[in-house]
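A.B. asks: After the C-alpha cells below, expect a handful of questions from me.
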Amino acid sequence: MKTVNGQEVIQVFEAWSPKKLACMDNDPIGLAIGTLNKPVSKVLVTLDVNEAVANEAIEKGCELIIAHHPPIFRRLANIRTDHPAGRLYEKLIKHDIAVYAAHTNLDVAEGGVNDLLADALQLKNRSILEETYAENLLKLAVFIPTANAQALREALAKAGAGRIGDYEACSYTTTGEGRFRALAGANPFVGSVGELHVEEEGKVEVVFPESIKGRVLKAMLTSHPYEEPAYDVIRLEQQTNVMGLGRVGYLTKDMTLQQFAEFVKQQLDVPAVRVVGDLQSKVSKVALVGGDGNKYIYAAKRAGADVFLTGDMYFHTAQDAQAIDLQIVDPGHHVEKVMIAGVAKKMAELCEDKKYLVEFIQSTIHTEPFLFV
C-alpha cells in the first residue's frame, strides 16, 4: 500500500465527481480551508462542517474533511475568532485539517447524492430529472500504414477512444493509397527524401468525448510511426456523458401517498415529512432532488411523476405544485446525509484499487438543526 497526500486523494475524488459537473453559479466547491500538500491517512466524510465535526476530526486524527455543504458559502467580510464561524476556521487551521467541499457536482455525479437517495427508495428504471451537463463527441480520422493500424487502434482504445454505449474499442478502418514526398531534412519512416512515395494506408476513425481529446491525440502521436501524421479532428453534433440533477424512477410496487410518506420516513431515517396532495392517491413514479429542489416542480411534472420528493419546500411553491396536481413529500434538507456512508464507501473502494493507504471515516455528528415536537 502507498502512503498518499491530499492532492492524490482529491484527484481520485474528482475523477468520480469532477468540478465541471457543478450546476449552480459560483458554487463554492473545492478546497475551502487548509492545504492538500501534506500526507493524509484519515479522511472524515460529513454532510456539514461545524465545530462538533471539527472536534470529531481532531479526536479521530483526520487530516482532511470531505463535506457536501461548503463551510464557506458566502463571501467573507472578515474572520473574527470571537464569532462562531471564525472560531471554527481557526480551530481547523490550528490543527492543520483541510476541508474540501463537493456540492452540486456531487448531486449530479453518478453514484452521488441523488443516486444514493434513489437507492434508498429502491427506485428502478431511473432517468435524469433535468440535464445539466453533456460533452460533444469528436471524431478522429488518422492515416497510417496498414501494417501499423492495429497497434494504433489498440493505443486509441486504451486512451478511451471508441467507447459507444456498452461497447468499447469501436473503430472503422478503410484502406487506400497515401502519397507524399519527403523534403530535405526529413527522416521518413518509409520512402526516400526527394522521391514521391506511394504507401498502402488505412484510415482509422474513432469517436471520443471532448474531455479526453488531449489524451487521445497523445496516444495517436506516440503510437504513430510517421514524423508528420495526417489526421483530422471533427466536432460532431452528437453528445455523450449526459448527466444532470435529480432522478426519476419507479417504486418496486405502487403505494398510496400516505404509504409512500411512511416509506420515506423509514428509508431516509427522518421522524416526519411534510406532504402536499391526496393521501389516498396512488404513487408509482417518483421524481426527487436532494436538498432544496423548489425550482424543479415543473420538471417533475413534465417527467410524469406522481410525487416529487425534495427538501425546503416553500409555502407558495407548495401551492404552485398543488395547482398543477403534483404531490410533494418534503423530508427536509438533512436527508442528504446519505452521502456520508455513500462517499466513504465509494472512496474507500477507489483508493483500495489504487493501493492507497488511506482510511475514510463516517462522521457520527448529527447536524440537523431542527427538532420535531
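The values are calculated or read from the model by the stated rules, or taken from the named source; none is laboratory data. These figures come from a predicted structure and were not determined experimentally. Cβ sites come from the backbone with ideal geometry, for glycine too, and all protein chains shown count toward neighbours. Surface areas here come from the heavy atoms of the whole protein model, side chains and all, with no ligands, DNA or RNA. Shrake-Rupley method; radii C 1.70, N 1.55, O 1.52, S 1.80 Å.
A.B. asks: Please find, in a Gaussian network model of the chain (springs between Cα atoms separated by less than 10 Å), the residue of Asp232, Asp115, Asp330 whose mean-square fluctuation is greatest.
C.D. replies: Asp232
A.B. asks: Please compute the contact order of the stretch 94-206 in relative form: average sequence separation of alpha-carbon pairs under 8 Å and at least six residues apart, divided by the residue count, as a percent. Mind dumping the intermediate values first?
C.D. replies: Working: 117 pairs, mean separation 28.5, N = 113.
Averaging sequence separation for qualifying contacts and normalising by length gives 25 percent for the stretch 94-206.
A.B. asks: At each listed q (0.13, 0.17, 0.21 Å⁻¹), what is the log10 of I(q)/I(0) that the Debye formula gives for the stretch 1-107 modelled as equal alpha-carbon point scatterers?
C.D. replies: Result of the Debye calculation: -0.46, -0.78, -1.15.
A.B. asks: Could you check which residue among Ser192, Ser281, Ser211 shows the biggest mean-square fluctuation in a GNM of the chain with a 10 Å Cα cutoff?
C.D. replies: The residue with the greatest mean-square fluctuation here is Ser192.
A.B. asks: Return the loop-located trypsin sites (Lys or Arg not before Pro) in the stretch 70-172 (DSSP other than H, G, I, E, B) with at most 14 other Cβ atoms within 10 Å of their own Cβ; answer none if there are none. Write out the running numbers ahead of the final one.
C.D. replies: Working: sites: Arg74, Arg75, Arg80, Arg87, Lys91, Lys94, Lys124, Arg126, Lys139, Arg153, Lys158, Arg163; in loops: Arg74, Arg75, Arg80, Arg163.
For trypsin sites (Lys or Arg not before Pro) across the stretch 70-172 that sit outside H, G, I, E and B with at most 14 neighbouring Cβ atoms in 10 Å, the list reads Arg74, Arg75, Arg80.
A.B. asks: Leaving out ligands and nucleic acids, and using a 1.4 Å probe, what accessible area per residue does the chain come to in Å²? Kindly include the intermediate steps, with their values, before the conclusion.
C.D. replies: Numbers: 19430 Å² over 373 residues.
On a per-residue basis, the chain sits at 52 Å².
A.B. asks: In the stretch 280-373, which trypsin sites (Lys or Arg not before Pro) are in a loop and have at most 11 other Cβ atoms within 10 Å, using DSSP for the loop call? Please report the intermediate quantities before stating the final value.
C.D. replies: Details: sites: Lys282, Lys285, Lys295, Lys301, Arg302, Lys337, Lys345, Lys346, Lys354, Lys355; in loops: Lys354, Lys355.
Loop-located and lightly packed - Lys355.
A.B. asks: If you roll a 1.4 Å probe over the chain with all protein chains in place, what percent of the accessible area is carbon or sulfur? Show your work: numbers first, answer last.
C.D. replies: Values: 9540 of 19430 Å².
That share works out to 49 percent.
A.B. asks: While we're here: Run through every distinct alpha carbon pair of the stretch 98-193 and return the Kirkwood hydrodynamic radius in angstroms, one decimal place. Walk me through the intermediate numbers first.
C.D. replies: Numbers: mean 1/r = 0.0537 Å⁻¹.
Evaluated over the stretch 98-193, this radius sits at 18.6 Å.
A.B. asks: Under the rule of at least 5 residues apart or a separate chain, name every residue whose amide H is placed under 5 Å from the amide H of Leu309.
C.D. replies: Counting only residues 5 or more places away or on other chains, the set is Ala287, Leu288, Val289, Val329.
A.B. asks: On alpha carbon coordinates alone, what is the Rg over Rh value for the stretch 264-330, Rh being the Kirkwood radius?
C.D. replies: Values: Rg = 10.9 Å, Rh = 11.8 Å.
Here Rg/Rh amounts to 0.92.
A.B. asks: For Lys42, give me every one of the aspartates and glutamates with a C-alpha distance below 16 angstrom, ignoring sequence neighbours fewer than eight places off in its own chain.
C.D. replies: Glu8, Glu56, Glu59, Glu63, Asp96, Glu349, Glu352, Glu359
A.B. asks: While we're here: Please compute the net charge surrounding Thr146, taking Lys and Arg as +1 and Asp and Glu as -1 over other residues with Cβ under 14 Å from its Cβ.
C.D. replies: Numbers: positive: Arg153, Lys203; negative: Glu177, Glu199, Glu200, Glu201.
Summing Lys/Arg as +1 and Asp/Glu as -1 gives -2.
A.B. asks: Hey, with R₀ at 22 Å, roughly what FRET efficiency would Glu131 and Ile234 work out to, going by the Cβ-Cβ distance, to 0.05? Please list the in-between numbers first.
C.D. replies: Details: r = 24 Å, r/R0 = 1.08.
Approximately 0.40, to the nearest 0.05.
A.B. asks: Could you tell me what a quarter of the Cα convex hull surface of the stretch 205-349 works out to, in nm² with one decimal place?
C.D. replies: Details: hull surface 52.4 nm².
Spelled out: convex hull of the Cα atoms, projected over all directions, averaged, 13.1 nm².
A.B. asks: Return the Rg/Rh ratio of the stretch 158-208 with Cα-based radii and a Kirkwood Rh. Intermediate values should be presented prior to the final figure.
C.D. replies: Working: Rg = 16.0 Å, Rh = 13.3 Å.
Dividing the radius of gyration by the Kirkwood radius yields 1.20.
A.B. asks: Follow-up question, since we're still on this one. What dipole magnitude, in Debye to the nearest 20, does the stretch 236-373 give about its Cα centre under +1 on Lys/Arg Cβ and -1 on Asp/Glu Cβ? Present the calculation step by step, with values, prior to reporting the outcome.
C.D. replies: Working: 14 positive and 17 negative charges, 42 e Å.
That gives the stretch 236-373 a dipole magnitude of about 200 debye.
A.B. asks: Taking the Cβ of Ile66 as the centre, find all other residues whose Cβ is under 13 Å away and add up their charges (Lys, Arg: +1; Asp, Glu: -1).
C.D. replies: Values: positive: Lys42, Lys345, Lys346; negative: Glu14, Asp48, Glu63, Glu359.
It works out to a net charge of -1.
A.B. asks: How large is the Rg to Rh ratio of the stretch 245-293 when both quantities use alpha carbon positions and Rh follows Kirkwood? Can you show the working numbers first?
C.D. replies: Details: Rg = 10.9 Å, Rh = 11.6 Å.
That ratio is 0.94, to two decimals.
A.B. asks: Starting from the 7 Å offset along Cα-to-Cβ, what nm value, one decimal, do you get for the label separation of Lys38 and Asp25?
C.D. replies: Between Lys38 and Asp25, the label points sit 3.6 nm apart.
A.B. asks: Mind computing the radius of gyration and Dmax over the alpha-carbon atoms of the chain? Å is fine for both.
C.D. replies: Considering the chain through its Cα atoms, Rg and Dmax are 26.3, 90 Å.
A.B. asks: Report the FRET efficiency, 1/(1 + (r/R0)^6), for Glu168 and Gln322, where r is their Cβ-Cβ distance and R0 is 45 Å, rounded to 0.05. Mind dumping the intermediate values first?
C.D. replies: Working: r = 48 Å, r/R0 = 1.06.
For Glu168 and Gln322, the calculated efficiency is 0.40.
A.B. asks: Something else: In Å³ and rounded to a whole number, note down the convex hull volume per residue for the Cα atoms of the stretch 40-89. It would help to have the intermediate numbers written out before the result.
C.D. replies: Numbers: hull volume 4.0 nm³, N = 50.
Cα-based convex hull of the stretch 40-89, divided per residue, equals 80 Å³.
A.B. asks: Sticking with this one: Using only DSSP helix segments of four residues or longer, with each worth -39500 (n - 2.57), what per-residue ellipticity at 222 nm results for the chain after dividing by its residue count and rounding to 500? Before the final figure, lay out the partial values.
C.D. replies: Working: 11 runs with 108 residues, N = 373.
When only DSSP H runs of four or more count, the value is -8500 deg cm²/dmol.
A.B. asks: A further question follows. Restricting the count to DSSP beta bridges whose residues both fall in the chain, what percent are antiparallel, rounded to a multiple of 5? Mind dumping the intermediate values first?
C.D. replies: Working: 47 of 69 bridges.
Given both bridge residues lie in the chain, the antiparallel proportion sits at roughly 70 percent.
A.B. asks: Just need the relative contact order of the chain here, percent rounded to a whole number, with Cα pairs under 8 Å and 6+ apart. Show your work: numbers first, answer last.
C.D. replies: Values: 753 pairs, mean separation 76.6, N = 373.
Once normalised by length, the contact order is 21 percent.
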